[in-house]
Each structure stands twice: as C-alpha cells, then as structure tokens.
Amino acid sequence: MLLSKKLELRRSEIRQSLAELANIESPSADETRKMTELDAEYRAKEVQYRAALIAEDEERREAGAELETRSDNEWSTLIGGFEMRQVALALKEGRALDGQTAEVVTELRSQGGFTGVPVPIEALEVRNTVAAGTPDPIATRPIIDRLFPDSVASRIGAQMINVGFGAIEWPVVTSNVTVGWAATENGNVADPTPFETTDRPLKPDHCMGVQMRISRNAMQQSGAALEQAIRRDMNAAMGQEMDRAILQGSGAGGQPLGMMTGAATYGVNVNDLGAAPTYAMFLQEIVAFMTANTITSPNQVQLLIRPELFGWLEGQVNADLHMSEYIRWAMLVAGRNVSGPFPNNITTTSNGIPAPSGDPLSTSMLMTTRTGGVAPLFVGLWNNGALDLIRDPYTDAQSGGLRITALANMDVTVARPVQSRIVTNMQLS
C-alpha cells in the first residue's frame, strides 16, 4: 500500500476518535490529554501526507513515462531478434517460424493482409558489412544501425509516415488573415477573412518491388549469415530507389511524383539562375528563403547539391579571403559559427538531383527547412511500414534456388511548399 494511503487512513481514524471525544460535555483530564495527543498526531500526519504525495507524484510521472515508451521498447526488442534467415528458409522449405521472428510476423498479420511473409522495414537495417562474395558465417554482428542512415530524404528533413490502410491527408491553411485598425472611434476594423485549407493527400497508388535471387549454394554455405546479405542488398536497393523517387519520381509508370520533378504541381518556388553560381547569388537565395519562412538563422536551412556543383565551388578560390566559394557557403549556412566544425547542412548526392545537362553544363540545388515542427515533405509507407515478402520457388527450381520479391506501397506529398526552394540552371562554366 502506498504511504500516502496509509497516512490517509490513519488521519481518518484520528478524526473519528476526535469526533467521539468532542461530543463529551465534561471531559476528564485523561480525555483532554488524549485529545491533545490526537490533535498533535493529526498535524504531524498532515505534514507527512503532503510530503508523501509530492514524492509519489514524481514516481507516478516516471512510471507514466515508462509506460508510454514500453510498447515501443518491446517492439524494438522484437525487431532486434528478427531473422531474415528464417523467412528465407520458410519461403524455400516451408520451415516454421519460431522465436521473435514468429511473434513479429504474427503481429503484422493481425494488423493487415499480406500475400507472402510480412517483414518490418526495420529488419532491413544493416547489421554488419561484408566486402564481397558469400558472407562469412563467423562474422561478429555489431549493434544494429539505423535504417538508411545516409538517406538523402532524411537529411533534407523528410518525415516517414507509417500508414495502416487507406489514404491520409494534411489540411494546410491557405487563407490570409486581414489585420487592420479602426480609423475612427466608431469605425470598423478589417473585414473578416474566411478560414480556408487545402488537403495534401498520401495515397497507396504506387507500389515498389525489390527482387532477389538466392542460390542453393548460398543457402548451404552461408548459414545464419545469409540474412546479412539479404538485409544489405535490399537496404541498398530500397534506399537508392526511395531517394530517387522521393525527389525525382516522374509521377508516371507507377512512380510517385517527386519534389524536384513535381515542383510546379506542389507549388514549390523555382528560380532559374541562368548564370554561374556565386556567393552573392547564394546569399540572395538564402535571404529570400529565410524571409518566406520567418527563419531566424541560416543554420536552419538544409541544402542538397550535386557533386559537380561541389567541385565547381571548391575550385573557385576567393583571392582576398583565401578560401573557396564552397567554404564561404558552408560558413553562411553554419550561422558564421567558425569556432567549431560546420553543421552538416549541405548534403551532396548524385541520386536526388538530375545530372548536369546542356551547354554550358547546368545543375540545380534544393533548399528545405522545418517550420513550426512541420516537415518540408512527407513520405507514406503502407502496411505500417512493413514489406510484403513473396517467394517464387519455381523459376529457379532446376538449380535449387529461390527468388523472393519484396513489395511496398509508398507515396510522396509536399504539405507546405513554401518550405522548399529550387534553384535551377546553375551554369558550371
């Protein structure tokens, strides 16, 4: 029993005893002394009761925080013991799943329908690195890393949304509230403005598939390390294609509409530079972007550039400052914090931005930011973020091999286009 509860019961007993003694018209000396002792004890218990409530309130807060995160911790623990090797053997030989792998599959099946074996995306986290060839079954497995730790989409602030079924949308305010002053004592202020919103939906209309062949030799030789090869290959294939689709998806042929390709559709501001990139141009773009998003510091801006642009800027050396243009850009987005290392605001990718083209060669740059806790774009993953793993034992039956296909439905949307800005036609000459 809690201490506060015990003290509360004792205080109740004291009040009852005092009530009985108070009804005596002519109390004796012993009864008077007893009332004095009970009154003193009641006051002491009152102080102890308040102290116990304060102490127990802190314990309740800690226990509540533990309860709020316990389900996530338990799920992470189950994912940590998930074995892709069991899934491969179940698809090839029909072997029954057991342990934490069986628990995870059962939980996912209870939340949605799968044609094959459901595999949580977290299970594709890279657990170790093997240089080439068949993985060594004696390799030691380190701590599980994050999923796609070098993902370009995550670096520019994309928010991943796990969706069970159906579509999901975000209402975004589009109305401009009018503010005005009353010109006279009895005059009216500004007319009322309708509160209007537009919906930014995510729909499961785009299906991405990853196919893999597992030879009989690999099944026999690799043993438990086979899951490392499956994780590594699927991780690399999915990470590369997701980044490309999120930014450069064509919106046709089953692909979602990426942010760079669909800038006009999403309403993202696009500025055609038509000249070589300079520090003055970059400063002008940063200032315009900060003004549009009420940003208080340039280190809140994330940049995405091509390697060719990095090479061009690094090769342009300012004679007066004795530093390259790239360092000047990095100093600016670092908020002029030159006393320590630059924040990692600039990401270089050859996958998220189209390759330079034209004569002279021209490239593009993407700027994003998080405003009011809202991500610049959302990426929806259906079936609660799990892959649907399906086997094909017939195509490679003659060699005893196995083909597996991982399917995932995903979509991309830009909730608030003002949080992104694209600069195109940056001439590298």
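Every number in this text was worked out from the coordinates using simple rules, so none of it is lab data. Every value quoted in this text rests on a predicted model; they were computed, and no experiment measured them. Cβ coordinates were reconstructed from backbone atoms using ideal geometry, including for glycine residues, and neighbour counts include every protein chain displayed.
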Mind checking which lysines have their C-alpha under 29 Å from Lys6, skipping anything on the same chain fewer than 8 residues away? Lys34, Lys45
For Ile161, which sequence-distant residues (separation of 5 or more, or a different chain) have an amide H within less than 5 Å of its own amide H, given hydrogens modelled in the peptide plane? Val379, Gly380, Leu381
Going by Cα centres, region 358-393 and region 283-331 are how many Å apart? 23
If each residue's Cβ is checked for other Cβ atoms within 10 Å, how do Ser26, Ser17 rank with the fewest at the top? Ser26, Ser17
By Cβ neighbour count within 10 Å, fewest first, Val317, Val333 rank Val317, Val333
Ascending count of other beta-carbon atoms within 10 Å, so fewest first, for His206, His322: His322, His206
